[in-house]
Amino acid sequence: MTEQKVSWTDVTAQADALGDALRVGGEYLPAEGVAHAQQILRKVPARQGMVGGRTVVVLAGATGSGKSSLFNALVAEPVSRIGARRPTTSVPTAAIWGDEPSGDLLDWLGVGTRHQVPLSGRRADTLDGLVLLDLPDFDSRVAQHRAEADRVIELADVFIWVTDPQKYADAVLHDDYVKRLAGHDAVSLVVLNQIDRLDRAQISECADDLHRLLAADGLADVPILPTSAVRGFGVDDLAGTIGTVVKERNAAEQRLLADVRGAARTLSAGVASSEVDLAAQDDSELTDALCRAAGVPAVVDAARRDYRRQAEHHTGWPFTRWVHRLRPEPLRRLRLDEAHTMNRSGAKLALGRSSLPPAGPAARAAVDVATHKLGRHAAQGLPAAWADAAQNAATPGDEHLHDNLDQAVIGTDLHDKRPAWWSVASALQWVFAAVALVGLVWLGLLVVLGMTHVDASSPKWIGLPIPLLMLVFGLLAGVLLALISRWVAGRGARRRAEQVHGRLRKAIAAVGIEQIVNPVARVLQAHRSTRESLAAASR
């Protein structure tokens, strides 16, 4: 047993850390371990709420180990019944030393059979503050007896494992109890009873073998006290050891801290030692797949064609501009033109769906591949429950994802301000058209005057009538400007397509982060928090 002091502050802090681990990641941890940890977390405030400084010590052992005899020897009275038929002890029996009230504590322990040791009794000063419990045999053939022993062991402060030369290697003792409570060496003691049946050499050999078994169980530093309850050998030494523990008034804290640490270490098997860093993951493949599924190539192509259509409408030959009005508007056909008009005007976007076609099998398959790849990356090294959670988080529902992608497309501005050169080209086109029209009217007037035999002459330049030159110049200049404008518009349309693609990709990437990456990151953060909390609870 160790003498290192433990405060309630230490117990509460580590219990809080264990509670944080269960709150954040309990659903991904082993259910049995979580249930045991929750039981411990309920026990901590309950034991802390017991007013007083009493220490609860249990005598636990197998049938025939002499627990009851040892109990009576410590009490110095035949309190616990001893008989030939076994098991004799069916319910816990308590012996209480000192005058401090213990009713609430014993009620919490569920112990009804109680014996108050007189203040004048033997060892009254040594054991003042002790509540000693004689338990039913933990290997009893009666299941109710075993369950009662287990229940009280879970609530006690100090364990005294009583064994004998015949059963000290019993598997029930070592596998079901000592190994399970291996982290409780600070509140554990082993008694090798019935040494009156052995000689001195056999006692030493038996004690050495028991020490070896305890070391294998994880209790290498637990003292072994040889006793004989019948002859009284070693009983005073045992009472002195118990009295030392009781006087320290720290066993309850030691026990609960060991419980919390043990539960945290058990649950630590349900977390990995680290998590992957999603920030270092290249998500371009995911964004590419989502862009395909969202119909971004179709929108980009529509934006490019819409730019060319508008440029030709503003800069084309005025006499043929009406033809462009007959052509369908690419963005309007996708129900995107109206959306962006409203978006720029500040109206709230509540426009439903676009007319983009749903993602095809190839696009959906690309999204599945990308999300599964992200999920596999996030799940690297994680236990199965956490790995499954990461995979599930990386796989949102198709309809929900498609709706969000569609809204991202609708919410992206596909237009820029009208280029200034459109206005300049349009003005020049109207000037050229006016020159051509004046020349045409002038020529028509000359023809009419000639038909009426009115002498009308036209001024000439380089030997050609100026009206004819005006008509030809206006037509040729307008056509040439339209051709140049179409070439410039093609370059502008490609730039506009690149800009729209960048905006759409950014919007789609935001959907991917929100709908896929962030849920996976939350699983990894939960794992990190759980792992760190368990580490804090088990230190």
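Computed from the coordinates by the stated procedures, all read-outs in this text should not be read as laboratory data. Everything numeric here is computed off the predicted structure, so don't read it as measured data. Here Cβ is always computed from backbone atoms with ideal geometry, including for glycine, and neighbour counts include all displayed protein chains.
Could you compute the FRET efficiency for residue 525 and residue 431, with r as their C-beta to C-beta distance and R0 at 56 Å, rounded to 0.05?
Details: r = 66 Å, r/R0 = 1.18.
Once rounded, the FRET efficiency stands at 0.25.
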What are the semi-axes of the equivalent ellipsoid for the range 203-254, taken as the square roots of 5 times the Cα gyration tensor eigenvalues, largest first, in whole Å?
-> 22, 19, 6
Compactness summary of the chain: radius of gyration and Dmax from Cα atoms, Å, are 45.2, 160
Given charges at Cβ of Lys, Arg, Asp, Glu: the chain dipole, positive-most of 263, 310, 411 = 310
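Just add up the charged neighbours of residue 517: K/R +1, D/E -1, any other residue whose Cβ is under 13 Å from the Cβ of residue 517.
Numbers: positive: 373, 522; negative: 277, 282, 283, 285, 514.
Charge balance near residue 517 sits at -3.
Nearest 20 debye, what's the magnitude of the dipole of the chain about its Cα centre given +1 on Lys and Arg Cβ and -1 on Asp and Glu Cβ? Walk me through the numbers on the way to the answer.
Details: 60 positive and 61 negative charges, 753 e Å.
With only Lys, Arg, Asp and Glu charged at Cβ, the dipole is about 3620 debye.
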Of 482, 74, 145, which is farthest along the charge dipole of the chain in the positive direction, counting Lys and Arg as +1 and Asp and Glu as -1 at C-beta?
-> 482
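I want the local charge near residue 59. Using Cβ-Cβ distances under 12 Å, sum +1 for each Lys or Arg and -1 for each Asp or Glu among the other residues.
Values: positive: 67; negative: 134, 137.
Within the 12 Å Cβ shell, the charges total -1.
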Summed over the other residues with a beta carbon less than 11 angstrom from that of residue 146, with K and R at +1 and D and E at -1, the charge totals -3
Point-charge dipole on Cβ atoms (K/R +1, D/E -1) for the range 438-519, about Cα centre, debye to 20 = 560
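To the nearest whole percent, what portion of all C-alpha pairs in the range 390-539 is separated by more than 23 angstrom? Present the calculation step by step, with values, prior to reporting the outcome.
Values: 7531 of 11175 pairs.
In whole percent, the long-distance tail amounts to 67.
Given charges of +1 on the Cβ of Lys and Arg and -1 on the Cβ of Asp and Glu, with all other atoms neutral, how large is the dipole of the range 54-248 about its Cα centre, in debye to the nearest 20? Let's see the in-between values first.
On the way: 19 positive and 29 negative charges, 126 e Å.
Magnitude of the dipole: close to 600 debye.
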May I ask you to derive the FRET efficiency for residue 514 and residue 298 from their Cβ-Cβ distance with R0 = 22 Å, giving the value to the nearest 0.05?
-> 0.45
In the chain, whole DSSP H helices that both stretch 30 Å or further along their axis by alpha carbon positions and average at least 1.6 on the Kyte-Doolittle scale are 420-451
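Between residue 231 and residue 539, what FRET efficiency comes out of the Förster formula 1/(1 + (r/R0)^6) with R0 = 35 Å and r the beta carbon distance, rounded to 0.05?
Working: r = 45 Å, r/R0 = 1.28.
Efficiency for this residue pair is about 0.20.
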Farthest toward positive dipole pole in the chain [+1 Lys/Arg, -1 Asp/Glu at C-beta], among 51, 458, 21 | 458
Gap in Å between the Cα centre of the range 220-297 and the Cα centre of the range 133-168?
-> 24
Treat each spin label as a single point 7 Å out from the Cα along the C-beta direction, and report the residue 31 to residue 120 distance in nm.
-> 6.0
